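Contents: one structure, followed by commentary.
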Amino acid sequence: MAVTMNNTSALAAKLVVSVTKAEYQPEVEKALKNVRKNVEEKGFRKGQAPMSMIVKKYGMAVKLDEINRLAGRQIYDYINDNKLRVLGEPLPVEGQNVADLEGDKDFEFTFEVALAPELDIKLTKEDKIPYLKIEATDEMVSAHIEQMLAQHGSRQDVDTVEDNDLVRGILTELADGQPKEGGIVNENAMLLPLYIKNEEVRAQFVGAAKNAVIVFEPFKAYEGNGAELVSFLNVEKDAVPTYEGVQFSFQIESISRHVPAELNEAFFTAAFGEEGEVKDEATLREQVKNGFREQFDPESDYMFVVDTRKAILAKAGKVELAEDILKRWLKSSNDKLSEEQINTEYPAMVEDLVYQLVKDGIMAENNVQVTPEEELAFATIVAKSQFAQYGMSSVPDEMLEGYAKQLISREETARNIRARLYDNKFAQIVKGMVTVEERNVSPEEFGKYARGEE
């Protein structure tokens, strides 16, 4: 099997691959034996059909598959061995008849490839690229601390009802103002005034004291919501409409309220452990701010990469590529694309390819690699960020690591993490090549910049 290359221009070439009978026949015979072993033909047990029948029925398809596989492997081996910088994928030359497989003969296939141009694009200190360092606002820090205090709070019994209290009591169905014989009685009923939809009914509960008896219509209170009434009245869904206009009494037996922890030594110990470094509010605020910064830095790096891409494309200007081949590749990637859609998408594809060529060159010069340890460390930052959204700022290291390992066990997530790590390393390299114009911004200002509103 041999491959020869003929340049048709500085940006394109044809690769001709020869596949001889001596090369493909053993592979075809091996594949047919596997087919015979696994198929069931009428009148024969599995794996017992005559080989002549298998060859007659499956021979041409197997032969085509094996020849295509051998040709494809040889093409890619040639590209890799000769370090060809190919854009897109090799495409069979249009018009060649690859389906004419009759007879024992050698075959020859021709592929077209688009070649990467030589780009002399260098980033220097004359290139000024902004770096937006996102800083958490005082309001964000305070809100996060409030979440932490709420998380470490406790439920306490109180004397009068407020919106967000948990109210427990005895719910009794009434008839003519008296307990209905055989009616609903729930001695363990509970409700939160906050979830009562009717404001008039909610007002009956808010401000009420322990042992007070509230007479109301549950159907009105929850505006006929089936799911809530099924739960509150403990009835079947079909029975809910029958309680429209029916009054109940609710005798309040207990009122409990979630009270946030106080910002004191007990809280610091509960949140950070006895050996923790946080012992006062100032240190806590600084740690929370650092936690936000750890979450925000990858976003700052990502935006820096976006701006670097703009700078590279501006320096590159108009770059000529093998347009016909690349448009054919677009079509082969998605045969539903119309010619108009391909012409519309092509300029964006050229920009992507040019940027990737320059980026790959910079990464290769610096021998950039991503290690499994780096993937786990980045996944741990992602995990910490996700826990922090729920006010969980002191998650044990072993729990964080376990969750991070779960993240990178998912192929798509692991691929995204590797891509972000490569981008982060690219950002660090570029920072040493250009003049970085750093400025501090709030998350809101960063969002406006990212959306192009600044």
* Asked: Across the Cα atoms of the stretch 30-181, what radius of gyration and what greatest pairwise Cα-Cα distance (Dmax) are found, in Å?
  -> 37.8, 100
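Any chance you could list the semi-axes, whole Å, largest first, of the equivalent ellipsoid that the Cα gyration tensor gives for the chain, using √(5λ)? It would help to have the intermediate numbers written out before the result.
Values: eigenvalues 844, 293, 96 Å².
Semi-axes (√(5λ), whole Å): 65, 38, 22.
For a Förster distance of 60 Å, can you work out the FRET efficiency between the beta-carbons of residue 64 and residue 195, rounded to the nearest 0.05? If you can, show how the numbers build up before the last one.
Values: r = 66 Å, r/R0 = 1.10.
Using R0 = 60 Å, I get an efficiency of 0.35.
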* Structure fact -> In the chain the DSSP beta bridges are antiparallel at a rate, in percent to nearest 5, of 85 percent
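Would you tally the net charge around residue 111, using a Cβ to Cβ cut-off of less than 12 Å, leaving residue 111 out, and scoring K and R as +1, D and E as -1? Intermediate results must be reported in sequence, preceding the final value.
Numbers: positive: 14, 328; negative: 89, 94, 108, 112.
With Lys, Arg at +1 and Asp, Glu at -1, the neighbours total -2.
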* Taking other Cβ within 10 Å of each residue's Cβ, how do 53, 148 sort, fewest first? -> 53, 148
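Compute, for the chain, the length of the dipole vector about the Cα centre, with Cβ point charges of +1 (Lys, Arg) and -1 (Asp, Glu) only. Units Debye, rounded to 20.
Values: 54 positive and 82 negative charges, 480 e Å.
Here the chain has a charge dipole of around 2300 debye.
Tell me, 258, 152 in order of fewest to most beta-carbon neighbours within 10 Å? Can you show the working numbers first?
Numbers: 258 12, 152 17.
Least crowded to most crowded, the residues run 258, 152.
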* Structure fact -> To the nearest 10 degrees, the tilt of helix 372-388 (Cα long axis) against the first principal axis of the alpha carbons of the chain is 30 degrees
* Sequence-distant residues sharing a close amide H with residue 319 (under 5 Å, placed H) -> none
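Going by C-beta contacts inside 10 Å, put 444, 29, 275 in order with the fewest on the left. Please report the intermediate quantities before stating the final value.
Values: 444 10, 29 13, 275 6.
In increasing order of surrounding Cβ atoms, one gets 275, 444, 29.
Multiply the residue gap between residue 140 and residue 369 by 0.36 nm, knock off their C-alpha separation, and tell me the result in nm, one decimal place. Don't jump to the answer; show the numbers that get you there.
Working: separation 229, 0.36 × 229 = 82.44 nm, distance 3.59 nm.
Extra length available between residue 140 and residue 369 comes to 78.9 nm.
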* **Spatially proximal lysines relative to residue 33 (Cα-Cα < 19 Å; intrachain offsets below 8 disregarded)** => 21, 42, 46, 56, 57, 63
* Principal-axis tilt of helix 323-333 within the chain, Cα atoms, nearest 10 degrees -> 50 degrees
* **For the stretch 2-115, with +1 on Lys and Arg beta carbons and -1 on Asp and Glu, the positive-most of 87, 4, 50 along the dipole** => 50
* **Alpha-carbon centroid distance for the pair the stretch 401-446 / the stretch 267-283, whole angstrom** => 30 Å
* Structure fact -> Taking Lys and Arg as +1 and Asp and Glu as -1, residues besides residue 248 with C-beta under 10 Å from its C-beta add up to -1
* Asked: Using the alpha-carbon atoms, what tilt in degrees (0 to 90, nearest 10) does helix 21-38 show relative to the longest principal axis of the chain?
  -> 40 degrees
* What is the gain in length, in nm to one decimal, between residue 128 and residue 315 on full extension, counting 0.36 nm per residue of separation less the C-alpha to C-alpha distance? -> 66.1 nm
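For residue 418 and residue 331, compute 0.36 nm times the residue count separating them, minus their Cα-Cα distance, and round to one decimal in nm. Don't jump to the answer; show the numbers that get you there.
Values: separation 87, 0.36 × 87 = 31.32 nm, distance 2.88 nm.
Separation in residues times 0.36 nm, less the Cα-Cα distance, equals 28.4 nm.
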* Starting from the Cα of residue 336, draw a straight line to each of the lysines and keep only those under 19 Å, dropping any in the same chain fewer than 8 residues away. => 327
* Structure fact -> A correct Karplus calculation of ³J(HN,Hα) over the stretch 150-157, with 6.51 cos²θ - 1.76 cosθ + 1.60, θ = phi - 60°, whole Hz and x for Gly and Pro, returns 5, 4, 9, x, 8, 8, 10, 6
* Structure fact -> If unit charges are put on Cβ atoms (+1 for Lys and Arg, -1 for Asp and Glu) and the dipole of the chain is taken about its Cα centre, the option from 31, 188, 284 lying farthest towards the positive end turns out to be 31
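So if we plug the beta-carbon distance of residue 338 and residue 82 into 1/(1 + (r/R0)^6) with R0 = 60 Å, what FRET efficiency do we get, rounded to 0.05?
Result of the calculation: an efficiency of 0.95.
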* Positive dipole terminus of the stretch 141-287, leading residue within 174, 154, 214 (C-beta point charges) -> 174
* Asked: How large is ³J(HN,Hα) for each residue in the stretch 314-321, as worked out from phi by the Karplus curve 6.51 cos²θ - 1.76 cosθ + 1.60 (θ = phi - 60°), to whole Hz, x for Gly and Pro?
  -> 5, 6, 6, x, 7, 10, 7, 10
* Asked: For the stretch 154-259, with only Lys/Arg (+1) and Asp/Glu (-1) charged at the beta-carbon, what is the dipole magnitude about the Cα centre, in debye rounded to 20?
  -> 240 debye
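Since every read-out is calculated from the coordinates, none of them should be taken as a lab result. Keep in mind the model is a prediction, meaning the values are calculated, not measured. Neighbour counts are summed over all protein chains in view; Cβ atoms, including those assigned to glycine, are modelled from backbone coordinates with ideal geometry.
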